[in-house]
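Novice: The structure that follows is given in the form of structure tokens.
The values are calculated or read from the model by the stated rules, or taken from the named source; none is laboratory data. All values reported here derive from a predicted model rather than from experimental measurement. When we count neighbours, we look across all protein chains shown, and the Cβ atoms used for this are built from the backbone with ideal geometry, even at glycine.
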Amino acid sequence: MPLTSWVTGADGSGRPVEHLPYGCVSTAPGGARSLAVAVGDSALLLGPAAETGLLDVVPRAALEAATLNPLLALGPEAWAALRARLTDLLTDPAARDRLGPALAPLAGCGEHLAWDVADYVDFYSSQHHAENVGRIFRPDSPALPPNWRHLPIGYHGRSGTVVVSGTPIVRPHGQRKPPAAEAPDFGPTRRLDVEVEVGYVVGVPTALGESVRANAFADHVFGAVLVNDWSARDIQAWEYVPLGPFLGKSFATSVSAWVTPLAALAEARVAPPAQEPAVLPYLVDDDPWSLDLVLELSVGGEAVSRPPYASMYWTPGQQLAHLTANGASLRTGDLYASGTVSGPEPDERGSLLELSWGGREPVALPSGRSLAFLEDGDDVVIRGTARGLRGARLELGPVAGRIRPAHARA
């Protein structure tokens, strides 16, 4: 049975004490920011809570910081100790009088990016997504490139354009060249897209020259967030040869305001798909963190697809091993994402590029709207749920963004 909490609205919600996601909030417009843990309808402000002395299992300075980075750097033992203490306190009615004043209504809190993003890497780890993209763009060639089953393909993004859920997304400009055009032109993207993804937040760093084993994933990664790696498909298609994504991706990447600890997702672990051929030794993951996450993409309040994360070919441990295989160092606050999550069925595709098959087969929504790519004013939301400990149901922090018109250019 799920645990019982004295916090209003916790029991039976998507934020029970089995979850305890971390975020950064302000309780008044323009007010100071505080680290917080979401529970039920409330945010437990960790700074004020630390003043009671009840959270002395970690240094107080880490809880009074303006971002999660100091807490991330403490490592798994500290994360586990703080989680255990919070669970005990939030289920002990005797703690109500001392911790109650540190609770704030979530509905009245402003949400901010919970950590300072150091580096950002995005992968391409869904076989179904990669095959769909190959069939759309290379119908007369093999769907997967020759290297796809041998290594997790990825690209380095811009950490400075990672934004918190709710941040408006301005339609980007760039060079575009339709196949029939003789020369490229410059202007706002006409093929603005979403990518439903799951991201991982790194806590424990490594030194330059070191690499991380695939089964050491939980020694370095603190938790997971939902990610929308917005994409301008026409800009991307023209620029990506020969070096890959650039301006078609770097204008914005949205992430959840709340980071779900790996410990909360332990019950959602499942076996990953079989990999053929066998991977090289450095990619062997004998303790995989493949996850059974139920994701949903909606546009304008209408559900568009439900991609299954459990179908992802490459595990987050293999992604971590590959991105450090050359000795690239990890930094506290690094973010790396799964790449678009897509399943085998048409309604499980995690991008509009796939759902509309390159724009040639627009999606018919219940409202009667025909959707190929995003229009100005569209509200896009990605949600996710997972099994939690003791039968609890967890709701991961959503990722939302409204599309704004492109800025005027001289």
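Novice: Would you confirm whether any residue within region 46-53 is modelled with pLDDT under 95, part of a loop (DSSP other than H, G, I, E, B), surrounded by fewer than 19 Cβ atoms within 10 Å (Cβ to Cβ) and not assigned by TED's automatic domain parsing to the domain that holds S165?
Specialist: No, every residue in region 46-53 fails to be modelled with pLDDT under 95, part of a loop (DSSP other than H, G, I, E, B), surrounded by fewer than 19 Cβ atoms within 10 Å (Cβ to Cβ) and not assigned by TED's automatic domain parsing to the domain that holds S165.
Novice: Among the polar types (S, T, N, Q), touching a residue at least 60 places away in the same chain (Cβ under 8 Å) and closer than 23 Å to V204 by Cβ - does that describe any residue in region 282-291?
Specialist: no
Novice: Out of V57, V37, V121, V25, I need the residue that is in a loop (DSSP other than H, G, I, E, B), modelled with pLDDT of 95 or more and β-branched (V, I, T). Which one?
Specialist: Result: V57 is the single residue among V57, V37, V121, V25 that is in a loop (DSSP other than H, G, I, E, B), modelled with pLDDT of 95 or more and β-branched (V, I, T).
Novice: Pairs needed: first member in region 53-75, at positive phi; second member anywhere, assigned to a loop (DSSP other than H, G, I, E, B); C-beta distance under 6 Å; at least 6 residues apart or different chains.
Specialist: Going by the 6 Å Cβ cut-off, the qualifying pairs are G75/V204.
Novice: Now for a different question. Hey, can you tell me all the residues within region 304-334 that are touching a strand residue (DSSP E or B) at 6+ places or on another chain (Cβ under 6 Å) and either among the aromatic types (F, W, Y) or farther than 17 Å from A274 by Cβ (or both)?
Specialist: If the condition is that a residue be touching a strand residue (DSSP E or B) at 6+ places or on another chain (Cβ under 6 Å) and either among the aromatic types (F, W, Y) or farther than 17 Å from A274 by Cβ (or both), then V304, S305, R306, P307, Y309, P316, Q319, L323, L330, D334 are the ones that fit.
Novice: Looking only at region 131-152, count how many residues are touching a residue at least 60 places away in the same chain (Cβ under 8 Å) and closer than 22 Å to A310 by Cα.
Specialist: The number of residues fulfilling the criteria is 6.
Novice: The conditions are (1) outside the structural domain of A102 (by TED's automatic domain parsing); (2) within 20 Å of the chain's Cα centre (by Cα); (3) among the hydrophobic types (A, V, I, L, M, F, W, C), and A10 fails exactly one of them. Which is it?
Specialist: (2)
Novice: So which pairs qualify, if the first residue must be in region 365-393 and outside the structural domain of A224 (by TED's automatic domain parsing), the second must be surrounded by 20 or more Cβ atoms within 10 Å (Cβ to Cβ), the Cβ gap must be under 9 Å, and the two must be at least 6 apart or on different chains?
Specialist: none
Quick grid of which residues meet (1) under 30 Å from L74 (Cα atoms); (2) acidic (D, E):
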{"site": "E210", "(1), (2)": "yes, yes"}
{"site": "F217", "(1), (2)": "yes, no"}
{"site": "W238", "(1), (2)": "no, no"}
{"site": "L247", "(1), (2)": "no, no"}
{"site": "A252", "(1), (2)": "yes, no"}
